[in-house]
Amino acid sequence: MIDLIFMWIAAGLTLAIFSFLYKDNPFYKLAEHIYVGSAAAFWFLYLWFFDVEPKILTPFKPLFKEYGFFKMFLHFGPEQWILFIPITLSIFMLLRFIPPSAWLSRWSIAFLVGMAAGLGITGSLQGYVIPQIQGTLLPLYTGDLLGSFNNIIIIIATVTTLIYFFFSKEHKGPLGILAKIGITFIMIAFGASFGYTVMARVSLLIGRIHFLLFEWLSFLFR
Amino acid sequence: MKNFFEKLARIDRRIIYLIVFISVTIPLLTRKGFKFEPLQEVKNAYDFIEKLPEGSAVMISIDYDAASMPELQPLLEVVLTHLFRNNLKIIMLGHWPLGLPLGQIALEKIAKEMNKKYGEDYVFLGYRPGVAAVILNMGKEIRGVFNSDYRGKPLDSIPLMKNIHNYNDIALLIGFEAGATGDYWVQFGQARFGLKIIITSTAVVTPDMYPYYQAGQIIGLIGGLRGAADYEILVNKKGFAYAGMTAQTVIHIIIIALILLGNIGYFALRRLR
């Protein structure tokens with residue numbers, strides 16, 4: 001019975017979203033608001049049960065049960081004390097809503113920016129730039145014609161695309177020709193990317209129509 | 001004549017929507033598939049899983065949500081069928097909270113079909129925020145991030161997890177990607193810890209993943225509905241993706257035809273003026 005109710009809700013919301021194709025209307029707006037609201041509520045619950053509770057509250061629970069709120073502090077080990085760093089930074093972040101103490105949130109933001117920059121730089125260098133350079137250092141002749149052609153294309157595309165982004169000299173003469181070849185490869189890449197995007201959107205449409213035809217309508221006419 | 005070309009250049013969008021709707025519905029109703037050869041990158045993924053010894057641990061990362069469900073959910077079910085059929089152990093987690101219940105639904109459905117037991121054949125860890133930090137810390141010790149499964153059961157009390165501590169104990173990671181999380185898996189999991197990775201992604205994300213495949217950073221790539229259909233053929237479990245490919249092909253032909261018609265109308269009008 002519960003599955004049946006949810007199927008009707010899903011079908012109703014799908015049709016409400018599709019109604020936007022004709023023009024903007026209250027049914028579409030209702031479906032949109034339900035999606036945003038339920039997603040926000042879901043995020044909150046997930047963060048609470050999969051992060052705040054197990055990572056922040058659970059380590060304190062046994063001590064709280066045994067010694068109570070005030071005496072538990074006397075029995076904290078390193079596991080509990082270290083948690084005060086993220087807890088403090090989290091509280092600082094929330095202080096953005098209280099103007100006189102909003103400046104404290106900069107500590108949390110500084111920590112986040114520093115961590116993200118550190119991770120980003122090492123991650124990009126180690127996991128992207130160096131392996132991708134290695135992936136471009138290819139032999140021009142591999143033994144088979146198609147493989148060699150493929151490698152030559154990769155090398156020409158990489159070099160000419162890099163030349164297109166070289167702005168210290170005016171794109172004239174041989175540099176201009178190479179830059180034009182580069183922009184052609186960039187356009188081909190954008191075209192391929194757009195083609196994949198179209199495929200993705202059509203797949204979503206196929207998914208929804210499949211649901212309406214084979215789950216909802218087939219149930220109605222069963 | 002001018003009127004005709006004007007109409008051709010400015011077809012009402014609602015007529016186009018109707019044509020698209022009909023073009024999707026008819027192939028789905030007729031359920032006519034056609035033959036096509038699976039792509040090499042999909043074959044690589046399939047072959048790698050086929051060669052894994054029985055009992056190997058495979059980690060699955062759910063990094064998509066309901067918006068990408070039609071593309072990735074059917075594929076997830078086929079991949080799970082393949083993994084369970086080969087008696088591989090599955091550890092599921094994810095970085096997109098809105099998608100994790102979808103992963104759990106598929107895992108429980110396929111596990112039930114294949115008579116697999118929770119805790120022995122598969123385990124669901126759930127979610128922790130901080131994508132890069134989570135991936136990096138699991139490389140040292142999974143318990144440093146997930147001290148329990150999604151039900152709050154300590155990992156050491158779960159038979160499957162007893163001897164699994166970090167990526168050295170994980171034979172393969174399969175990332176189901178609808179965003180940038182796949183980049184993090186490659187940049188931190190593969191580059192730093194040598195984790196073997198197969199990426200399955202939505203079509204939008206797939207072009208961004210090809211450089212990793214070309215550079216040998218990932219073993220296989222299963223992209224979009226086409227990748228899913230390829231995998232269904234390889235696993236011999238033709239389903240939604242395979243059926244959907246006919247509709248996909250028809251739509252592509254119609255889109256090309258509409259672009260051509262629009263261009264003919266535009267250039268003809270320009271000449272007449």
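Taking segment A:70-88 only, how many residues are touching a residue at least 24 places away in the same chain (Cβ under 8 Å) and either more than 31 Å from the chain's Cα centre (by Cα) or in a helix (DSSP H, G or I) (or both)? Explain how you work it out, then say what you get.
Narrowing segment A:70-88 to residues touching a residue at least 24 places away in the same chain (Cβ under 8 Å): A:83, A:86-87.
Checking the rest, the ones that are also either more than 31 Å from the chain's Cα centre (by Cα) or in a helix (DSSP H, G or I) (or both) come to A:86-87.
Final tally of qualifying residues: 2.
Quick check: anything in segment A:139-149 surrounded by 14 or more Cβ atoms within 10 Å (Cβ to Cβ), at negative phi, in contact (Cβ under 8 Å) with a residue 12 or more places away in the chain and touching a helix residue (DSSP H, G or I) at 6+ places or on another chain (Cβ under 9 Å)?
no
B:Gly220 - would you say it is in contact with a Phe, Trp or Tyr (Cβ under 9 Å, 6 or more places away or on another chain) and over 21 Å from B:Pro38 (Cα atoms)?
Values: in contact with a Phe, Trp or Tyr (Cβ under 9 Å, 6 or more places away or on another chain): yes; over 21 Å from B:Pro38 (Cα atoms): no.
No, not satisfied.
Which residues, counting only those in segment B:20-34, are surrounded by 13 or more Cβ atoms within 10 Å (Cβ to Cβ) and of a type outside the set (S, T, N, Q)? Can you show your working first?
Filtering segment B:20-34 for residues surrounded by 13 or more Cβ atoms within 10 Å (Cβ to Cβ) gives B:20-21, B:23-28, B:33.
Residues satisfying the conditions are B:Val20, B:Phe21, B:Val24, B:Ile26, B:Pro27, B:Leu28, B:Gly33.
With respect to the numbered conditions (1) more than 14 Å from chain B (Cβ to nearest Cβ); (2) out of contact with any Phe, Trp or Tyr (no Cβ under 6 Å at 6 or more places or on another chain); (3) touching a residue at least 24 places away in the same chain (Cβ under 8 Å), which one is the sole condition not fulfilled by A:Ile91?
All conditions pass for A:Ile91, except number (3).
If we only count helices (runs of 4 or more DSSP H) wholly inside segment B:199-273, which ones have 2 or more residues that are of a type in the set (Phe, Trp, Tyr)?
Values: elements: B:206-214, B:224-235, B:240-272.
Per the criteria, B:206-214, B:240-272.
Could you list, in sequence order, all residues of segment B:95-146 that are outside any loop (DSSP other than H, G, I, E, B), at the interface with another protein chain (Cβ under 10 Å from one of its Cβ atoms) and either small (Gly, Ala, Ser) or more than 17 Å from B:Tyr184 (Cα to Cα) (or both)? Talk me through it step by step, then tell me what you get.
Start the filter on segment B:95-146 by keeping residues that are outside any loop (DSSP other than H, G, I, E, B), which leaves B:100-113, B:118, B:122-127, B:131-140, B:142-144.
Now narrow it down to the ones that are at the interface with another protein chain (Cβ under 10 Å from one of its Cβ atoms): B:100-101, B:125-127, B:131-133, B:135-136.
Selection gives B:Leu100, B:Pro101, B:Leu125, B:Gly126, B:Ala132, B:Ala133.
B:Leu269 fails exactly one of the following numbered conditions: (1) more than 10 Å from every other protein chain (Cβ to nearest Cβ); (2) surrounded by fewer than 15 Cβ atoms within 10 Å (Cβ to Cβ); (3) over 23 Å from A:Val202 (Cβ atoms). What is the number of that condition?
(2)
Keeping to segment B:1-19, report how many residues are surrounded by 13 or more Cβ atoms within 10 Å (Cβ to Cβ), assigned to a helix (DSSP H, G or I) and more than 14 Å from chain A (Cβ to nearest Cβ).
Total satisfying the criteria: 4.
Rundown of residues vs (1) within 14 Å of chain B (Cβ to nearest Cβ); (2) exposed (fewer than 12 other Cβ atoms within 10 Å of the Cβ), yes/no style:
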residue	(1), (2)
A:Met7	no, no
A:Asp24	yes, yes
A:Lys29	no, no
A:Ile34	yes, no
A:Pro62	yes, yes
A:Leu95	no, no
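Please verify whether segment B:114-132 includes one or more residues that are among the β-branched types (Val, Ile, Thr), at pLDDT below 95 and under 30 Å from A:Ala117 (Cα atoms). Show your work before the answer.
Pass one, segment B:114-132, residues among the β-branched types (Val, Ile, Thr): B:123, B:131.
Narrowing the set further to residues that are at pLDDT below 95 leaves B:131.
This time we only want the ones that are under 30 Å from A:Ala117 (Cα atoms), so: B:131.
Yes, that holds for at least one residue.
Within segment A:36-60, can you find the residues that are facing chain B (nearest Cβ under 8 Å) and acidic (Asp, Glu)?
A:Asp51
Please tell me if A:Phe166 is surrounded by 11 or more Cβ atoms within 10 Å (Cβ to Cβ) and out of contact with any Gly (no Cβ under 8 Å at 6 or more places or on another chain).
Yes, satisfied.
Looking at B:Ala180 and the list (1) touching a residue at least 60 places away in the same chain (Cβ under 8 Å); (2) closer than 30 Å to A:Ala200 by Cα; (3) among the aliphatic types (A, V, I, L, M), which single condition is not satisfied?
(1)
What residue, among those in segment B:199-248 that are of a type in the set (Val, Ile, Thr), more than 10 Å from chain A (Cβ to nearest Cβ) and more than 10 Å from the chain's Cα centre (by Cα), is surrounded by the most Cβ atoms within 10 Å (Cβ to Cβ)? Show your work before the answer.
The first filter runs over segment B:199-248 and keeps only residues of a type in the set (Val, Ile, Thr), leaving B:199-200, B:202, B:204-206, B:218-219, B:222, B:233, B:235, B:246.
From what is left, the residues that are more than 10 Å from chain A (Cβ to nearest Cβ) are B:199-200, B:218-219, B:222, B:233, B:235.
With more than 10 Å from the chain's Cα centre (by Cα) added as a condition, the list becomes B:218-219, B:233, B:235.
On the way: B:Ile218: 25, B:Ile219: 20, B:Ile233: 21, B:Val235: 16.
The residue in question is B:Ile218.
The values are calculated or read from the model by the stated rules, or taken from the named source; none is laboratory data. Bear in mind the structure is a predicted one, so any value in this text is a computation, not a measurement. In this analysis, Cβ positions are derived from the backbone assuming ideal geometry, glycine residues included, and neighbour counts consider all displayed protein chains.
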